[in-house]
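Down below is the structure, laid out as structure tokens.
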Amino acid sequence: MLNKNQFMKKTILVMATAISFFACTNPQATTTANSDDAMMAEFRENAKVVEAALQAFAKNDLAEFGTYVSDTAKFHGPGFNDTVPFTKAQWIERLASFHTILKDIKANIKGSLPGLDTETLKPNGNVRTYVTWQSESIINGHKYNNKFYSVFKLNADHKIIDEDQFFDATGVVADAMAPKK
């Protein structure tokens, strides 16, 4: 039979062993593909694609821009009564029209943040991007500093499948097309 001191020593030894065992277990080994860490990694990859696409547009390389976009993508523009989504071809055509009235377009990307699932408020791989666009009207020389916010959804191949833009496109176009004063 164990005396009180021997019992305490064995109890402490068992507890120390158990604590060591649990402390050495790697909790990340049990993460799943839908974990917050996995979705943040997905977001980081998608943010690189979105930022590269925005820079391609700024330098008027719409062929490169198109490589970042799925052929079945939907584009939801910011214009007044812009309620019907555009196809990829219509989207690129619309982007090209900006280059006919603006020059020296620069994308100052203020930040890209992870999109969130609206029910769980956890990262879902989407990208929310804040940009300040700088440009100059070809027609009248007006200079612009236009704030822009957009939400991008990407597929498993890191191609943009949906964009929803928020900025004053109508105001920029109207002012850029106005005659010189």
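Matching residues to (1) in a helix (DSSP H, G or I); (2) modelled with pLDDT of 95 or more; (3) in contact with a Gly (Cβ under 8 Å, 6 or more places away or on another chain):
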{"site": "66", "(1), (2), (3)": "yes, yes, no"}
{"site": "89", "(1), (2), (3)": "yes, yes, no"}
{"site": "92", "(1), (2), (3)": "yes, yes, yes"}
{"site": "103", "(1), (2), (3)": "no, yes, no"}
{"site": "112", "(1), (2), (3)": "no, yes, no"}
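Would a scan of region 103-110 turn up a residue that is β-branched (Val, Ile, Thr), open to solvent by 20 Å² or more (accessible area, probe 1.4 Å) and within 18 Å of the chain's Cα centre (by Cα)? Within region 103-110 (the criterion being β-branched (Val, Ile, Thr), open to solvent by 20 Å² or more (accessible area, probe 1.4 Å) and within 18 Å of the chain's Cα centre (by Cα)), the answer is yes, since at least one residue qualifies. If I filter region 74-89 for residues that are touching a strand residue (DSSP E or B) at 6+ places or on another chain (Cβ under 9 Å), surrounded by 12 or more Cβ atoms within 10 Å (Cβ to Cβ) and polar (S, T, N, Q), do I get at least one hit? There is at least one residue in region 74-89 that is touching a strand residue (DSSP E or B) at 6+ places or on another chain (Cβ under 9 Å), surrounded by 12 or more Cβ atoms within 10 Å (Cβ to Cβ) and polar (S, T, N, Q). When every residue of region 126-143 is checked against the conditions, none turns out to be acidic (Asp, Glu) and either part of a loop (DSSP other than H, G, I, E, B) or without any contact (Cβ under 8 Å) to a residue 24 or more places away in the chain (or both).
Can you name every residue in region 52-72 that is of a type in the set (Gly, Ala, Ser), crowded, with 16+ Cβ neighbours inside 10 Å and either free of Cβ contacts under 8 Å to residues at least 24 places away in the same chain or over 13 Å from residue 99 (Cβ atoms) (or both)? If the condition is that a residue be of a type in the set (Gly, Ala, Ser), crowded, with 16+ Cβ neighbours inside 10 Å and either free of Cβ contacts under 8 Å to residues at least 24 places away in the same chain or over 13 Å from residue 99 (Cβ atoms) (or both), then 53, 56, 66, 70 are the ones that fit.
The values are calculated or read from the model by the stated rules, or taken from the named source; none is laboratory data. Being a predicted model, the structure only gives us computed values, none of them experimental. Positions of Cβ are generated from backbone atoms using ideal geometry, with glycine treated the same way; all protein chains shown enter the neighbour counts. Just the protein is used for accessible areas: all its heavy atoms, side chains included, with ligands, DNA and RNA removed. Shrake-Rupley method; radii C 1.70, N 1.55, O 1.52, S 1.80 Å.
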